[in-house]
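Only one structure is covered here, and it is reproduced in the block below.
The values are calculated or read from the model by the stated rules, or taken from the named source; none is laboratory data. Keep in mind that this is a model prediction, so the values were computed, not measured. Cβ placement follows ideal geometry from the backbone for every residue including glycine, while neighbour counts extend to all protein chains displayed. Protein only, heavy atoms only, side chains kept; ligands, DNA and RNA dropped before computing areas. Shrake-Rupley method; radii C 1.70, N 1.55, O 1.52, S 1.80 Å.
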Amino acid sequence: MSVDGATAASSLFKIIVESHLKGTICCISIGRFHHIPPFNALCSIVFNVLLPHTLTSDYPFIDIAAADSAFEDTDDAEYFHVSVSKRDEQLALYAQIARSAADTTVPFLAQLFSERFAHLSQINGENDPTQTLEELYWLLLITSHVLTDSGEGETLLIPEALQAGFPNVVDVAQHPVVTLSWSIINFSRQCLDPGIRARYFSPRLMEAVIWFLARWVATYLVPLDVSRGQVNRAQIDGVDNHAAQHSRKMLNSFAWENNQGEFVLDFVVLISMVALTTYQGENELQTLTCQKLLATVVRRKHTCTYVVQLDSWRDLTRAFASGRSLFSLSGRLQRSLAETLTCAASCIKDPEASVQYLRDLMGPVAGCLVENASRSDLKSVAQQADVVYMVCCLLERLRGAARATQPRTQKVLFEMGHTVMNSLLTLLEVYKNQSAVIYMILKFVVDFVDGQAVFFDAKETSVLVNFCLKLLQIYSSHNIGKVMLSLSSSLRSESQAEKYKDLRALLRLLTNICSKDLVGFLSDSSIEGSQDIAEVIYVGVDIVTPLISLDLLKYPKLSRDYFALVSHLLEVYPEKVANLNKDAFSRIIGSLEFGLRNQDSDIVERCLTAINALASYHFKESLGGRGGLSSQLMESEGSNGKLQESISSHFLKLLLQLLLFEDFRMELAGSAADALLPLILCEHALYQSLVQELLEKQQNPTVKSRLGMAFHNLTSSNNLSNLLDRPNRQRFRKNLRAFLGDVSGFMQIK
């Protein structure tokens, strides 16, 4: 950027900041900049985008500046959440201006923050610090955006504009980014003093501090190889190589020099404890602490390796495992904190120490749940609010730990799950009328199976399958009649459909059990007392399918989970369908018919996959002289009343109807071909009869001829055979696509 362009950006940024701090957005006269031409795209952004937004923004954080809002007793002056996306978008645009002239704007921010911090230290009890605190709050927000990027889902890097913006700085203590960073961290440390915290650190200000720390730690506490890529860029830009290299190295390493990194990490853990225990009920602050700050530290192996060695971290884990103060957190945050603390075990280098860490962390949680479930007076006290709350908190913590399962921690977490299995069955019996507790038990088991399945050996699989069978049987005996299908017709929104979330949890559990990771272990197992996985799944199907009406399948979340299970079930265990009772079989087939006409193409594809599995199984069994699905018949309406027909003939008619006379999405042609081919092979005579009947109905000779040729090519082109191997399926896919293209001009195909 040219000198004039940088000067314009610097001047505009200073005006924006000062306007916020003074409590008004002053009308900036563009005329004062008329002597500066729009040198580049940045100037265009400044004058055409940012400035109009600054003057006419309808964002509350722009219209109501920091100092003025401090004294207003209106809704607009209420604390606004740190995560408001509109505010962050606007501040990010301001940060772009600041970075374009970082050599002047960063020292400017450092000076402003130091002045406000010093002024706060001088305020005595008689002066109101509110305005200064509001200014510090806004400076924290804008500084966070200038020094760091949001980088959701990415590894954060120090912004290039900051790395390249100070080539002449030789002393790390004089680097504006370093000075500004330590100034904010030193200010933030004041909250550890109970007296200062009570006077100055409101929940809103703490939110800004936590948010800044999460982004700063993710950006500056990750050591990078400064000799790779960055020096080369300095050479390309024509910057003095030695000076540029030294400046970049300072910025990438200053946070770790003189044990400063450990100092910051220790402070991060301490301030997290303060936020989680002192600011009870401040959900936004505690969410930022659990899901942003602590998660950031643990997610990065380098910082996690340091933090697990700190006394403050051990204090946090002890408070979680045995203390009472953290039980004030919401259930969602209990789960999030448990997951974060459990993930940290993978960064402990000594395997035995890692195992012991988890036993110390989660052992008391599992033990407390077992103790509650073993109380002699459980039935009399179970419905008390404090007991229900404690059980729910413990289940959320166990669920969080289960979600953090990793190869190094799998064994000890399985031990934890095994410890509480009998207690969970007891609690399921006791809380049969408490839907919230039942749901949490189911969700824990879902996450436990999901996290453990890829690691199980045959013995562990047997233990889990036996447990799941007992759980499903208890659920069936107490809850199968509790969900009233008559209520489903009154559901009017997705949120109301969440009343049936226990059904969704059961569907996911059955899908996880049905996974091939578990199926493979017990298929050849001779472990005494082990249950057949298929038995567990079909017990679950008998529980779930009566509760899922066609009305409920109109709700996307439940519908997707249900058809994922049915598709997986019929692919893995098609032979078990022959053993279903008539009602259960009819429900599954009826739901597949319903799903074929669903607006969600993923659901239609799953239904086609399920039909393919059934038809392929029946065809292969028939070739081997076995009955296949012959014992299962469907009832249909005929000219002489109700008729009985086989599954294959029923779905053959249905698919042809769908392909020829109803709306059909061409992107599903491949899945439709995979389902149609085995149906045609199973019912070749019926297929020919249906084709002949359709041709005879055609009055136009040209249409009749074209349609007849299209049907002929469908089963004859590309050397199609009577096999269901992969090459033959590929040939039939080509044939069906050509067929649909040929008849689209005169049949109802879209």
For F661 and K501, what is the calculated FRET efficiency with R₀ set at 30 Å and r taken between the beta-carbons, to the nearest 0.05?
0.20
What does the extension gain come out to for D193 and H478, with contour length at 0.36 nm per residue minus their alpha carbon separation?
97.3 nm
For N186 and S322, compute 0.36 nm times the residue count separating them, minus their Cα-Cα distance, and round to one decimal in nm.
45.8 nm
What is segment 321-453 by shape, rounded, prolate or oblate, if you read a ≥ b ≥ c off the alpha carbon gyration tensor as root eigenvalues and call it rounded for a/c under 1.5, prolate for a/b larger than b/c, and oblate otherwise?
prolate
Need one word for segment 597-750: rounded, prolate or oblate. Basis is the Cα gyration tensor (sqrt eigenvalues a ≥ b ≥ c); a/c below 1.5 gives rounded, then a/b vs b/c decides.
rounded
When only C-alpha pairs under 8 Å and at least 6 residues apart count, what is the relative contact order of segment 258-330, in percent?
41
For K704, counting only lysines whose alpha-carbon sits under 26 Å away and dropping same-chain residues fewer than eight positions off, the answer is K653, K734, K750
Stretched fully, the stretch from S622 through R375 gains (0.36 nm per residue minus C-alpha distance, one decimal, in nm) 83.2 nm
By accessible area (1.4 Å), largest first, V172, V387 order as V172, V387
Once both label points are put 7 Å beyond Cα along the C-beta direction, the K704-K432 separation in nm becomes 6.7
Sparse-neighbourhood loop sites, GluC sites (Glu not before Pro) in segment 661-750 - DSSP loop, at most 14 other Cβ within 10 angstrom:
E662
Where labels lie 7 Å past Cα in the beta-carbon direction, separation of R359 and D103 in nm
6.1
Could you check the spin-label model distance between F455 and E18? Points 7 Å from the Cα along Cα→Cβ, value in nm.
6.0
Looks like segment 679-738, by Cα gyration tensor root eigenvalues a ≥ b ≥ c and the a/c under 1.5 rounded cutoff (else prolate when a/b is bigger than b/c, oblate otherwise), is oblate
